[in-house]
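Below is one structure, written out as structure tokens; the observations come after it.
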Amino acid sequence: MENLFRLVDHEDFFSRRCIWVNGPVIVGAGPSGLATAACLRDEGVPFVVLERTDCIASLWQRRTYDRLKLHLPKQFCQLPKLPFPEDFPEYPSKKQFIDYLETYAMKFEINPQFNECVQSARYDETSGLWRVKTVSSISRNEVEYICRWLVVATGENAECVMPDIEGLSEFKGDVVHACDYKSGQPFKGKKVLVVGCGNSGMELSLDLCNHHSSPSIVVRSSVHVLPREIFGLSTFELAILMLKWLPLWVVDKLLLIFTWFILGNIEKYGIKRPSKGPMELKNTIGKTPVLDIGTLEKIRSGDINVVPGIKCFSNRDVELVNGEKLHIDAVVLATGYRSNVPSWLQESEFFCKKGYPKMPFPHGWKGKYGLYAVGFTKRGLSGASYDAVQIAHDIGKVWKLETKQKKQTTSACHRRSISQF
């Protein structure tokens, strides 16, 4: 590869190879990493992408359920430099999105170093370079990549969150996290408790219901549930349009009024709305409203049961905070994901202890000493695309300036050699 030059660091001679990367190292080959790589390619900057699994977008390929579709229209989910095919539906399926990402990687000649799990990354103040140590998940060989720029693209969903609930480890039924759930077919005829009422929890409950299970969904705290579409427009698209002309609090009021007319009063089913509006919550703490695709209809009909928080599990029962006990056969944990950055990045100024940039959007993409972050905006694929464009442009400016200076120096030396000859 033209952007790699292998060298040996004497202190690591017997333990690992060292590789100088003539450009940035991007950690993660999900949509965020691919978007950054494509933008760097467009800027003419070489790069290396490190990926711990054996494929791009492993979250989408290995840890998502079969019926998943993009929750937002495709124009809000496309990556930089390449729109979705025109014949794709407004809400592409999981398979269509993966096909799009594979095409994206091929178009921009993005060839990640697969099965390279980053063990640590630290900035070496003496050399002014980043040292990224990896281990191969296949050969167990260790490699150290040395670079000027480090792009953290592992995202907000690197590791699944397993809740600490009393008695869960002693529960005798099946327990599966949403990352391992594919279809409701194995749960046919079973009573299933879904823990978590975000978009995944709501959709998994619907999927279980459609596969003739008897799901109950835990709604512990307040949550905004909005229709996916209002007046023929996606709710998100309508909100974006209104925000161009109206203040945020007015947009929130209008969204809730429209939602009440379409969905009715959902509090009588055990789903309470937060005191703050949906767009305010999204902008302040990154909490995404649930976009209903049919779950509420099943809740109204009684096919999906809404229950309050959990007190504890025992054998094949669950006791709720209101004292009610349910006999269940299985538990599906739709309890979300978290960043894994603290486990490998040795840095505390740019990232907080939970593994997210300390600066809020749109300022959380750039740190010091050539450190960048992409895909941590809590604004989905559009937020990741914004970060990717900014990062590539920032690195590209330096790269082009230095390239120009090198050419001028080389040309001057060449002219001097000719004159001396």
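Structural remarks
- Restricting segment 103-132 to residues that are open to solvent by 60 Å² or more (accessible area, probe 1.4 Å) and among the acidic types (Asp, Glu), the residue that is farthest from residue 345 (Cα to Cα) is 109.
- Residues that are in contact (Cβ under 8 Å) with a residue 60 or more places away in the chain, open to solvent by less than 60 Å² (accessible area, probe 1.4 Å) and in contact with a Lys or Arg (Cβ under 6 Å, 6 or more places away or on another chain), drawn from segment 66-90: 68
- Of 264, 270, all but one fail to be more than 16 Å from residue 197 (Cβ to Cβ), assigned by the TED database to the domain that holds residue 215 and at pLDDT below 95; the exception is 264.
- Of all residues in segment 317-337, those that are among the aromatic types (Phe, Trp, Tyr) have Cβ atoms under 6 Å from Cβ atoms of residues that are assigned to a strand (DSSP E or B), 6 or more apart or on another chain, in 337/160.
- Count of residues meeting criterion [more than 24 Å from the chain's Cα centre (by Cα) and open to solvent by 10 Å² or more (accessible area, probe 1.4 Å)] in segment 20-45: 4
- Filter result (of a type in the set (Val, Ile, Thr) and closer than 27 Å to residue 282 by Cα) within segment 358-401: 374, 377, 389, 391
- Qualifying positions in segment 46-65 - over 23 Å from residue 137 (Cβ atoms) and crowded, with 17+ Cβ neighbours inside 10 Å: 65
- Test: residue in segment 309-324 that is within 28 Å of the chain's Cα centre (by Cα) and either closer than 23 Å to residue 223 by Cβ or charged (D, E, K, R) (or both): yes
- Subset of segment 260-294 [open to solvent by less than 50 Å² (accessible area, probe 1.4 Å) and either among the small types (Gly, Ala, Ser) or in contact with a His (Cβ under 8 Å, 6 or more places away or on another chain) (or both)]: 264, 270, 274, 277, 278, 281, 286, 289, 290, 291, 294
- Some residue of segment 334-350 being at pLDDT 95 or above, in contact with a Leu (Cβ under 9 Å, 6 or more places away or on another chain), outside any loop (DSSP other than H, G, I, E, B) and not assigned by the TED database to the domain that holds residue 250: yes
- So residue 297, is it open to solvent by 60 Å² or more (accessible area, probe 1.4 Å), without any contact (Cβ under 8 Å) to a residue 24 or more places away in the chain, among the acidic types (Asp, Glu) and not assigned by the TED database to the domain that holds residue 382: yes
- Unique match (being of a type in the set (S, T, N, Q) and at pLDDT 95 or above) among 216, 222: 216
- Conditions (1) touching a Pro at 6+ places or on another chain (Cβ under 8 Å); (2) farther than 13 Å from residue 296 by Cβ; number of the one not met by residue 225: (2)
- The sole residue among 121, 105 that is in contact with an Asp or Glu (Cβ under 9 Å, 6 or more places away or on another chain) and not in a loop (DSSP other than H, G, I, E, B) is 121.
- Filter result for residue 173 (surrounded by 15 or more Cβ atoms within 10 Å (Cβ to Cβ), assigned by the TED database to the domain that holds residue 304 and out of contact with any Gly (no Cβ under 8 Å at 6 or more places or on another chain)): yes
Let's see how each residue does on (1) open to solvent by less than 30 Å² (accessible area, probe 1.4 Å); (2) at pLDDT 95 or above:
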residue: 134; (1), (2): yes, yes
residue: 146; (1), (2): yes, yes
residue: 155; (1), (2): yes, no
residue: 162; (1), (2): no, no
residue: 184; (1), (2): yes, yes
residue: 187; (1), (2): yes, yes
residue: 193; (1), (2): yes, yes
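- Of the residues screened, residue 100 is one that is open to solvent by less than 20 Å² (accessible area, probe 1.4 Å) and either of a type in the set (Ser, Thr, Tyr) or assigned by the TED database to the domain that holds residue 237 (or both).
The values are calculated or read from the model by the stated rules, or taken from the named source; none is laboratory data. This structure is a prediction, so every number in the text was calculated from the model and none was measured. Every residue, glycine as well, gets a Cβ built from its backbone with ideal geometry; the counts of neighbours run over all protein chains shown. Just the protein is used for accessible areas: all its heavy atoms, side chains included, with ligands, DNA and RNA removed. Shrake-Rupley method; radii C 1.70, N 1.55, O 1.52, S 1.80 Å.
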